[in-house]
Amino acid sequence: MMSNEASSTSAALDPNFSDGLIRFCRTFRTQPLAAETVRRSTDAITDTLACMVLGVGQALEPKLRRALFSPQSLTDVLAQFVPAVLRVGSTDAQGSAALYLGTLAHAADFDDISHPAYCHATALLLPALLIRGAVLGVSGEDLIRAHVVGIETLGQLGRRLNTAHYERGWHTTGTFGAIGATAALAFLENFTDEQMRGALGVSASLASGVRQNFGTMTKPLHAGLAARSAILATRLAEQDFTCAPDAIEGKFGFMKVFGGQAPASYAKHWGQPLEILTETGIGLKAYPCCAATHPAIDATRVLRERLKGTSFEDIESMRVGASRFAMQPLIYDIPTTGLEGKFSMRYCIASTMIDGGVKIGTFEADQIRRPTIERLMKKIKVEIDPLVADDHEFAAIVDLKLKSGQEESIRIDVASGKPGNWLTEALLKEKFFDCLGANRHASKTGKTLFETAQQLGMQDSIDSLYQTLLQTLGEASAS
């Protein structure tokens with residue numbers, strides 16, 4: 001299992017997206033998995049499980065639960081998620097479970113990101129894979145392989161349509177997500193070529209999600225909707241529910257209707273290398289806010305350390321030089337809510353300068369309204385900088401001037417958590433338990449969840465992982 005992937009594969013860069021995906025899946029199913037592939041997938045899955053638990057404490061959770069399951073306690077809802085119940089339940093029951101878990105995973109915006117898809121990959125992929133995987137009794141390696149297929153699919157969509165697709169206002173976690181999650185689930189369920197084509201065709205009509213909803217509860221809903229779409233699309237395809245075989249690449253298919261075009265430099269053959277092994281294929285978030293702020297946050301932390309002992313009141317001005325692409329999702333200048341704060345460069349930089357970093361509690365209502373934050377935000381200017389203007393990884397330059405006349409400047413190109421700056425096991429574990437909550441650090445269940453997730457590739461069944469997740473979610477609700 002841990003040998004190196006072959007340097008090339010029979011998959012080819014094909015203008016027909018569906019054909020290319022099907023060929024890739026056929027080849028990848030028998031390829032050995034490299035250790036680095038397993039590590040990145042396992043870490044991303046571990047990270048997303050923690051984000052699901054974190055989601056239980058977010059303001060959207062009771063609203064989502066009541067909408068999906070009527071006025072039931074979380075304990076009663078989770079009892080419906082156990083494999084024995086799901087096996088005899090309806091597609092709608094499994095889909096609602098996926099919708100719930102996917103929305104929780106993205107609720108705090110602390111889950112991983114995947115470029116060039118510019119989406120939150122594991123939050124939209126993992127829920128359907130966990131639910132159907134638990135029902136079917138798949139192995140840990142099966143889950144990892146399906147996760148890798150999902151990331152490959154999302155990446156190939158991005159390499160064909162981004163960044164123009166994103167710039168049109170589509171949230172790719174919802175648009176690409178429905179197709180990516182369906183491909184991953186069809187692979188997990190060992191669909192035939194025609195069944196996979198059918199599932200992809202259905203998913204093209206389930207895709208949606210607009211960026212205007214950033215900074216609201218509906219943004220994380222996009223991840224949940226993509227997960228639910230995967231379950232519906234695969235169940236329909238299993239019944240030979242008809243669709244256009246070219247629903248993705250046809251004249252009025254997904255690619256033409258949703259639109260977008262990628263530069264030629266984005267082109268990559270399917271699996272050459274695997275998207276998850278590229279420098280942008282998957283990144284773990286170090287901060288619970290929009291990824292477009294992360295390099296600037298890293299730069300501000302360096303400046304703060306360099307000026308240790310200096311009061312923020314001594315700051316004359318700050319300037320954040322950002323890329324054009326980073327400015328697009330950052331739609332709130334002066335935020336009024338915690339969710340808006342996650343998409344405000346000024347707020348994230350001011351919080352970092354005052355508090356030393358951006359944490360889960362940074363986006364609580366009382367933090368947003370601090371007078372010190374409001375004063376410092378007024379001193380911060382955010383603008384596109386020619387030096388990083390065309391960078392699609394959100395490179396940032398942060399300049400600072402003190403009232404004394406002293407000036408400092410830091411540029412960061414690769415944010416913490418990206419493949420070139422991957423979270424260490426210690427940092428991943430620290431983030432994991434921060435997501436579980438301060439009073440959960442000594443949790444035996446939480447410790448078991450972390451250890452089980454980190455050993456996922458060696459497990460014959462994901463049942464233990466899934467059952468421990470449900471138990472951890474229940475404990476998080478009780479606390």
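Evaluation of I397 against the conditions (1) closer than 23 Å to V358 by Cα; (2) modelled with pLDDT under 95; (3) touching a Ser or Thr at 6+ places or on another chain (Cβ under 7 Å) shows that the sole unmet condition is (2). Among residues of the stretch 124-143 that are assigned by TED's automatic domain parsing to the domain that holds Q467 and surrounded by fewer than 23 Cβ atoms within 10 Å (Cβ to Cβ), those with a beta-carbon under 6 Å from a residue that is part of a helix (DSSP H, G or I) and of a type outside the set (A, V, I, L, M, F, W, C) at least six positions away or on a different chain give the pairs V135/P83; V135/R87; E141/G457. Residues in the stretch 253-288 that are farther than 30 Å from P32 by Cβ, in contact with a helix residue (DSSP H, G or I) (Cβ under 6 Å, 6 or more places away or on another chain) and either hydroxyl-bearing (S, T, Y) or free of Cβ contacts under 8 Å to residues at least 24 places away in the same chain (or both): Y287 only. G155: surrounded by fewer than 24 Cβ atoms within 10 Å (Cβ to Cβ) and in contact (Cβ under 8 Å) with a residue 60 or more places away in the chain, yes or no? The answer is no for G155.
In the stretch 310-320, is there at least one residue being within 18 Å of H165 (Cα to Cα) and surrounded by fewer than 24 Cβ atoms within 10 Å (Cβ to Cβ)? No - not one qualifying residue is present in the stretch 310-320. Here the condition is being among the basic types (K, R), closer than 30 Å to L188 by Cα and touching a residue at least 60 places away in the same chain (Cβ under 8 Å); of K403, K431, it holds for K431 alone. For T337, state whether it is surrounded by fewer than 24 Cβ atoms within 10 Å (Cβ to Cβ), out of contact with any Phe, Trp or Tyr (no Cβ under 6 Å at 6 or more places or on another chain) and of a type in the set (S, T, N, Q). Criteria met by T337.
Which of (1) touching a strand residue (DSSP E or B) at 6+ places or on another chain (Cβ under 7 Å); (2) under 25 Å from E167 (Cβ atoms); (3) of a type in the set (V, I, T) does I334 not meet, given it meets every other one? Answer for I334: the failing condition is (1). Scanning the stretch 213-242 for residues that are among the polar types (S, T, N, Q) and surrounded by fewer than 24 Cβ atoms within 10 Å (Cβ to Cβ) yields N213, T216, T218, Q239, T242. Kindly provide the set of residues from the stretch 291-309 that are touching an Asp or Glu at 6+ places or on another chain (Cβ under 8 Å), surrounded by fewer than 24 Cβ atoms within 10 Å (Cβ to Cβ) and not hydrophobic (A, V, I, L, M, F, W, C), ordered by number. The one that is touching an Asp or Glu at 6+ places or on another chain (Cβ under 8 Å), surrounded by fewer than 24 Cβ atoms within 10 Å (Cβ to Cβ) and not hydrophobic (A, V, I, L, M, F, W, C): R306. Candidates in the stretch 420-479 are the residues that are in a loop (DSSP other than H, G, I, E, B) and over 23 Å from the mean Cα position of the chain (by Cα); of these, the one that is farthest from D142 (Cα to Cα) is S479.
The values are calculated or read from the model by the stated rules, or taken from the named source; none is laboratory data. No experiment lies behind these values; they were computed from the predicted model shown. Here Cβ is always computed from backbone atoms with ideal geometry, including for glycine, and neighbour counts include all displayed protein chains.
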